[in-house]
Each structure stands twice: as structure tokens, then as C-alpha cells.
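All of the numbers you see were taken from the coordinates with simple rules; none came from a lab. Just so we're clear, the structure is a prediction, and the values are computed from it rather than from any experiment. A quick note on method: Cβ atoms are made from the backbone with ideal geometry, for glycine too, and the neighbour counts reach across all protein chains shown.
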Amino acid sequence: MKVKGVVTGSDDGMPIPGVSVIVKNTSNGVATDFDGNYTISAKVGDYLVFSYLGMTDQTIKVTGSTHNVKLISNFESLEEVVVIGYGSLTKKEVTGAVALEILAIIYY
């Protein structure tokens with residue numbers, strides 16, 4: 001059957017585009033659209049795994065044709081790496097450098 005729903009953030013209730021939705025232990029997966037909507041083929045009893053960078057993964061059991069999901073922010077995973085225009089650095093290497101980069105971009 002087709003299972004559908006909307007994925008939103010628990011903090012603000014806004015839809016999240018690009019969330020990965022996968023039927024557990026299969027290669028069957030989709031991504032949410034711009035409005036956080038998804039549609040995937042699954043059976044009652046299957047498990048859907050929702051994952052997105054900066055959010056805690058959530059697994060739900062399929063019990064019907066509609067499942068709306070609220071993902072919880074997980075900022076700890078985002079504190080480890082800072083991505084910049086020409087490379088990336090670990091948090092330890094970045095102390096003070098981000099402020100200098102921002103000033104350099106503003107005055108460029």
C-alpha cells in the first residue's frame with residue numbers, strides 16, 4: 001500500500017524538505033518534497049526510518065496509510081564540523097577563524 005504523510009520540525013512545526021524516508025532493512029526509500037510531504041510503498045508492520053542532518057532519527061511502525069512525523073533537533077551532531085567555501089575544519093581548528101572569514105567576505 002502507499003503510505004504518506006508530512007514531516008515537520010518539533011520546534012517550529014515547519015515542514016522539512018529533503019528528509020530521507022526508508023523502509024527498514026530494504027533499499028526502498030524516498031525524500032520529502034519542498035512541503036515535507038512523502039509517499040512510499042510499505043506494508044502494515046513495516047518500519048519507516050526518518051533521518052535528516054541535525055535531527056534525531058525516528059523509526060515508526062506502519063499501522064495505516066497516513067503517518068505524520070515530527071523530528072526533534074539534535075544540535076550536538078552539528079557542532080563537530082564547520083563547512084566553509086573552500087574546505088572544512090573541525091570545531092577545534094576553527095576558533096576565531098569563522099569571524100575573520102565573515103569579515104573578509106563582508107569587506108570583499
Report the label-to-label distance for Met14 and Tyr47 in nanometres (one decimal), using points 7 Å from each Cα along the Cα→Cβ vector. 3.1 nm
In percent, how large is the relative contact order of the range 1-74, given Cα pairs closer than 8 Å and 6 or more residues apart? 38 percent
For the pair Lys61 and Val30, how long in nm is the line joining their label points, each one 7 Å along Cα→Cβ? 2.3 nm
Label point distance in nm, Met1-Asn68, each placed 7 Å from Cα along Cα→Cβ: 1.9 nm
